[in-house]
Amino acid sequence: MNVAVIGGGGREHALARKLAQSDRIETVYAIPGNDGMRDVAEVVPEIGETDFEKIAALCTSKQVAWVVVGPEAPLSEGIADYLEGRGIKVFGPRKEEAKIESSKAFTKDIMEKYDIPTARYKAFTDYDAAYSYIESVGAPIVLKKDGLAAGKGVIVATDMDEALAGLDALMADSDAPIVIEEFLEGEEFSLMVLVNGDYTHSFEIIAQDHKRAFDNDEGPNTGGMGAYAPVRHIPESVRQEAVDQIVGPMARAMVSEGLDYFGVLYLGAIVTDKGVKTIEFNARFGDPEAQILLSLMEDDLVDVLEKVDRKEAFTLTFSPRYQVGVMLASAGYPGSYDKGHTIDFEAVREKSFVSGLKQENEGWVTAGGRVLLVTGEGETIESAIDSAYHNVDQVKFNEGEVFIRRDIGRHALK
């Protein structure tokens, strides 16, 4: 069969690579894809990820059996609705269900209604009301833009100056509401869940992302500067608590609200002294967690999609090894940055996922904020960290043009 992957980042590179490993797949079409995917997929750069009419035409002409949607933008704009209306099977939620990510206020309201553990919150469209609320509750506090922000629309303010400056920043460029939440203290983790209505299958392992730009969790929030799995210092009982207290209730709550979710549900959770609580839900695989988890998964992804479609019970099998991924990002990210800087990663290409690079004059140049995730594996977390950074050090780039964090995976050593 033929399949298509929508999107052009590192998560989609991982999806295309994983699907291409299936004996059942003839061709993977990556729309629009990126140059790093050309060894595993037929890249279609002339079609954008939200050009639904052209995507449908290609999928029809190429007899595509499954479309797997990677990024949030096409989901929130209704790609699943459009393609399914033309008889094309999509793994990814429809527009209304994708509001679980595209509207934080929508999601928080559902969690409040069905008593799903999360931080206390209020949503605001009025600046003065939000300002007064922040003054009344104080800091630390969390401010979130209501809408898609590629993982960067969150401000964790440790004091009042940061909180009020964050309020100014989030309300300056948009009329969208902001959600103000209590600050939760604890260790965070990511859990991927396969959902089909009231049916759920949670991944048997969890991952940890590193959101802040710099070492020691300092600097602004990003789309993710690295990840690792499994997270064995967080006990299985915690993952199971998240499944029982958050994942299952949320799936049933969506059904009760008339929603029919089909796709991956990403749970960002935190272990507090009062139990596991929800930080966020996303309507797709996490990035860079997907690159790590799909690499460790030993199952055929096509088989998995079909079992979820049929609501079958099954168990996923993951490699017992650890994997660590380190993100190379353009200097200045998540703020403004230059493009066109040369990177040579041929020595570790098979261990890397391209996020924002393009081929130019037989070489590679930067074309985005996050540009390349370099991975390493090991029998222990220590050896996986060493392997990842050994591989990073084989990548050639100019200092000052690209930066990395040097502490990915170190949470597991504490």
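The values are calculated or read from the model by the stated rules, or taken from the named source; none is laboratory data. Only a predicted model underlies this, so the values are computations on that prediction, with no experimental measurement involved. Cβ sites come from the backbone with ideal geometry, for glycine too, and all protein chains shown count toward neighbours.
Going by the conditions given, is residue 314 without any contact (Cβ under 8 Å) to a residue 60 or more places away in the chain and of a type in the set (Phe, Trp, Tyr)?
Details: without any contact (Cβ under 8 Å) to a residue 60 or more places away in the chain: no; of a type in the set (Phe, Trp, Tyr): yes.
When the stated conditions are applied, residue 314 does not pass them.
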Task: The lone exception for residue 125 - which of (1) among the hydroxyl-bearing types (Ser, Thr, Tyr); (2) farther than 21 Å from residue 171 by Cα; (3) modelled with pLDDT under 95 it fails - done: (2)
Task: Residue under evaluation residue 73, criteria (1) within 23 Å of residue 220 (Cα to Cα); (2) not in a helix (DSSP H, G or I), criterion not met - done: (2)
Task: Flag for residue 56 being out of contact with any strand residue (DSSP E or B) (no Cβ under 8 Å at 6 or more places or on another chain), more than 24 Å from residue 252 (Cβ to Cβ), part of a helix (DSSP H, G or I) and aliphatic (A, V, I, L, M) - done: yes
- [ ] Look through segment 351-369, keep the residues that are in a strand (DSSP E or B) and over 19 Å from residue 17 (Cα atoms), and return whichever of them is nearest to the chain's Cα centre (by Cα).
- [x] 366
Task: Boolean, residue 157 is hydrophobic (A, V, I, L, M, F, W, C), in contact with a strand residue (DSSP E or B) (Cβ under 7 Å, 6 or more places away or on another chain) and in contact (Cβ under 8 Å) with a residue 40 or more places away in the chain - done: no
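Is it the case that segment 108-121 has a residue that's under 17 Å from the mean Cα position of the chain (by Cα) and of a type in the set (S, T, N, Q)? Reasoning before the result, please.
First pass over segment 108-121, keeping only residues under 17 Å from the mean Cα position of the chain (by Cα): none.
Looking through segment 108-121, none of the residues is under 17 Å from the mean Cα position of the chain (by Cα) and of a type in the set (S, T, N, Q).
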Open item on the list: List the strands (runs of 3 or more DSSP E) inside segment 98-168, counting only whole elements, that have at least 2 residues being not hydrophobic (A, V, I, L, M, F, W, C).
Closed with: 121-124, 141-145
Task: Residues (touching a residue at least 40 places away in the same chain (Cβ under 8 Å), under 25 Å from residue 384 (Cβ atoms) and among the hydrophobic types (A, V, I, L, M, F, W, C)) located in segment 160-210 - done: 189, 191, 192, 193, 203, 205, 207
TODO: Looking only at segment 62-69, decide whether some residue is over 30 Å from residue 327 (Cα atoms), without any contact (Cβ under 8 Å) to a residue 60 or more places away in the chain and not in a loop (DSSP other than H, G, I, E, B).
DONE: no
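Looking at this structure, is residue 324 more than 21 Å from residue 40 (Cβ to Cβ), β-branched (Val, Ile, Thr) and out of contact with any Cys (no Cβ under 6 Å at 6 or more places or on another chain)? I'd like the intermediate steps shown before the answer.
Details: more than 21 Å from residue 40 (Cβ to Cβ): yes; β-branched (Val, Ile, Thr): yes; out of contact with any Cys (no Cβ under 6 Å at 6 or more places or on another chain): yes.
Here the answer is yes, as residue 324 does meet what is asked.
State all residues of segment 300-350 that are part of a loop (DSSP other than H, G, I, E, B), hydrophobic (A, V, I, L, M, F, W, C) and closer than 20 Å to residue 375 by Cβ; if no residue qualifies, say none. Steps first, answer last, please.
The initial filter retains those residues of segment 300-350 that are part of a loop (DSSP other than H, G, I, E, B), namely 300, 310-317, 319-321, 331-341, 345.
Okay, now just the ones that are also hydrophobic (A, V, I, L, M, F, W, C), so 313-314, 316, 331, 345.
Once the filter is applied, which keeps residues that are part of a loop (DSSP other than H, G, I, E, B), hydrophobic (A, V, I, L, M, F, W, C) and closer than 20 Å to residue 375 by Cβ, segment 300-350 yields 316, 345.
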Open item on the list: I'd like the full set of residues that are crowded, with 23+ Cβ neighbours inside 10 Å and either part of a strand (DSSP E or B) or over 19 Å from the mean Cα position of the chain (by Cα) (or both), limited to segment 209-242.
Closed with: 209, 226, 227, 228, 229
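Tell me yes or no: at least one residue of segment 176-193 is in a strand (DSSP E or B), touching a Ser or Thr at 6+ places or on another chain (Cβ under 7 Å) and over 25 Å from residue 77 (Cβ atoms). Quick ask: steps written out before the conclusion?
Going through segment 176-193, the residues in a strand (DSSP E or B) turn out to be 178-182, 187-193.
Subsequent filtering for residues that are touching a Ser or Thr at 6+ places or on another chain (Cβ under 7 Å) retains 191, 193.
Okay, now just the ones that are also over 25 Å from residue 77 (Cβ atoms), so 191.
Yes, segment 176-193 contains at least one residue that is in a strand (DSSP E or B), touching a Ser or Thr at 6+ places or on another chain (Cβ under 7 Å) and over 25 Å from residue 77 (Cβ atoms).
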Open item on the list: Suppose we filter 258, 248, 286, 263 for residues that are under 21 Å from the mean Cα position of the chain (by Cα) and without any contact (Cβ under 8 Å) to a residue 60 or more places away in the chain; which single one remains?
Closed with: 248
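Quick check, is residue 82 among the hydroxyl-bearing types (Ser, Thr, Tyr), buried (at least 16 other Cβ atoms within 10 Å of the Cβ), in contact with an Asp or Glu (Cβ under 9 Å, 6 or more places away or on another chain) and within 30 Å of residue 368 (Cβ to Cβ)?
Working: among the hydroxyl-bearing types (Ser, Thr, Tyr): yes; buried (at least 16 other Cβ atoms within 10 Å of the Cβ): yes; in contact with an Asp or Glu (Cβ under 9 Å, 6 or more places away or on another chain): yes; within 30 Å of residue 368 (Cβ to Cβ): yes.
Judged against the criteria, residue 82 is a match.
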- [ ] Working only within segment 189-235, note down all residues that are touching a strand residue (DSSP E or B) at 6+ places or on another chain (Cβ under 7 Å), of a type in the set (D, E, K, R) and either under 17 Å from residue 404 (Cβ atoms) or not assigned by TED's automatic domain parsing to the domain that holds residue 252 (or both).
- [x] 209, 211, 212, 218
Open item on the list: Here are the criteria: (1) assigned to a strand (DSSP E or B); (2) touching a Ser or Thr at 6+ places or on another chain (Cβ under 9 Å); (3) more than 23 Å from residue 89 (Cα to Cα); (4) of a type in the set (A, V, I, L, M). Tell me which single one residue 271 does not satisfy.
Closed with: (2)
TODO: Taking only segment 180-205 into account, find how many residues are under 29 Å from residue 91 (Cα atoms) and either among the hydrophobic types (A, V, I, L, M, F, W, C) or surrounded by fewer than 21 Cβ atoms within 10 Å (Cβ to Cβ) (or both).
DONE: 15
